[in-house]
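Just so it is clear, none of the values below were taken in a lab; they were calculated from the coordinates. Since the structure is predicted, the reported quantities are computational estimates derived from the model, not experimental observations. Here the Cβ positions follow ideal geometry from the backbone for every residue, glycine too, while neighbour counts run over all protein chains shown.
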């Protein structure tokens, strides 16, 4: 069983393709269940953000696992698998671990170093765990990835400027508005944020730091919009919330719009926007930052006079080849160290059941010989018998100590996968014994006697 990563991102696919494959939050559980029903997949997580969709899976075989995962992604996109292949990246085993750690560290993001990916990765794990599609392997991988991401952000200045897709979009908006009026910044201006989710919350935070004059939150769920508006008011920013039916009037009054709802349908139609423009000064520019995937704003909005649209495609073109600097180089070193440590630990863990089986075999031999001694010398003094038993056990422990410690060290090194098999062959251990030992440990860890024997039913392993 090995880890497989299959995905598409801003680096490999145009935004229209990402829009087709993206998975909405309500659909995550369904897609995870479909992945787990696949013949080759035993564990699955799905990370879907504004610039990537990727599956982390534990699979029986590389080709079988890849075909199963691509089939599910293609079905989600309403496409044939062949249509996605040119946009996919695939990582397996050690390369998969490195990729997940790079994602967690922000090195694979559109804005290198952005910290939001850590929260998104944590949410992805939580959702998969709740759906019962995460087992021991992905649990360990996800927890280590989150730890590595935190280490990167703690030990480097890669996110020092707090850069994110939102901040980069806001930078573009400020440039347009400053150029049109000669007034720098967003002071005194009015912002409309469409969507009160995590991205909407991030947008309001950046707007507040930029000195925005007023913020209006438009959201389908009134309570969520009101909650976000109240948090802004508490920070000293005039803010209010409205229903989506009031979009026309709010668009007419706004200077900058952030659209980030997570809806699978267009929220701001071109006809609605054109009608709103009739109610405003034609010389007053409007900047719309569409960060939805799929798009929240009709692409035709960019053709309307006085409207500038900054979307993920705009940011993709500007940021894909942006320089990274020394912090990214240090982050890469950290990730390299962590990958090597993680893989060494995994290899060492793989030989542990065999070492345990060897010690179990040795203990059985000692017990059998001591029983034989009792049969042949029943009159032996109990104190002498006890000392003999201790001596024999000490001899066996000392003989096994060095080879068992050494085999773990050798197994943790690259290319050390064969040492467990060699140990089983040399000592005539039953190949099924290590699996039985591993299963027993799984039962103890979970308190579930079926932990090692479940089939692929969607239950947590």
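For the range 128-170 and the range 7-45, what is the centre-to-centre distance using only Cα atoms, to the nearest Å?
Computed from Cα coordinates, the inter-centre distance equals 18 Å.
At a Förster distance of 51 Å, what's the computed FRET efficiency of residue 318 paired with residue 409, Cβ-Cβ distance as r, to 0.05?
0.55
Under the rule a/c < 1.5 gives rounded, and otherwise a/b versus b/c splits prolate from oblate, where does the range 165-319 land using the Cα gyration tensor?
Details: a/c = 1.24, a/b = 1.11, b/c = 1.12.
Rounded shape, in that the Cα axes give a/c under 1.5.
Which residues in the range 352-376 have a backbone N closer than 16 Å to a point placed 7 Å from the Cα of residue 395 along the Cα-to-Cβ line?
Answer for this model: 362-374.
Which of (i) 0.96; (ii) 1.18; (iii) 1.14 is the computed Rg/Rh (Cα atoms, Kirkwood Rh) for the structure on display?
Comparing each candidate, only (iii) matches the computed number.
Just for the chain, what percent of DSSP beta bridges are antiparallel, to the closest 5? Show your work: numbers first, answer last.
Values: 21 of 44 bridges.
Antiparallel: roughly 50 percent of the beta bridges in the chain.
So for the range 48-167, considering every pair of alpha-carbon atoms, how many percent are separated by more than 22 Å? Intermediate results must be reported in sequence, preceding the final value.
Working: 2797 of 7140 pairs.
Result for the distance tail: 39 percent.
For 237, 152, 53, what's the fewest-to-most ordering of other Cβ within 10 Å of each Cβ? If you can, show how the numbers build up before the last one.
Values: 237 18, 152 29, 53 25.
Listed from fewest to most nearby Cβ atoms, that is 237, 53, 152.
With a 10 Å Cβ neighbour count serving as the proxy for reagent exposure, in which order, fewest first, do 317, 361 appear?
On the way: 317 9, 361 16.
Placing the least packed residue first, the sequence is 317, 361.
Take each of the peptides 126-134, 8-16, average the number of other beta-carbon atoms within 10 Å over its residues, and list them starting from the highest. It would help to have the intermediate numbers written out before the result.
Details: 126-134: 19.8, 8-16: 17.9.
Ranked from most to least packed, the peptides come out as 126-134, 8-16.
By count of other Cβ within 10 Å, fewest leading, how are 277, 286 ordered? Show your work: numbers first, answer last.
Numbers: 277 20, 286 24.
Fewest-to-most Cβ neighbours within 10 Å comes out as 277, 286.
So if R0 is 22 Å, what FRET efficiency would residue 178 and residue 283 give, r being the distance between their Cβ atoms, rounded to the nearest 0.05? Before the final figure, lay out the partial values.
Details: r = 15 Å, r/R0 = 0.70.
Efficiency, rounded to the nearest 0.05: 0.90.
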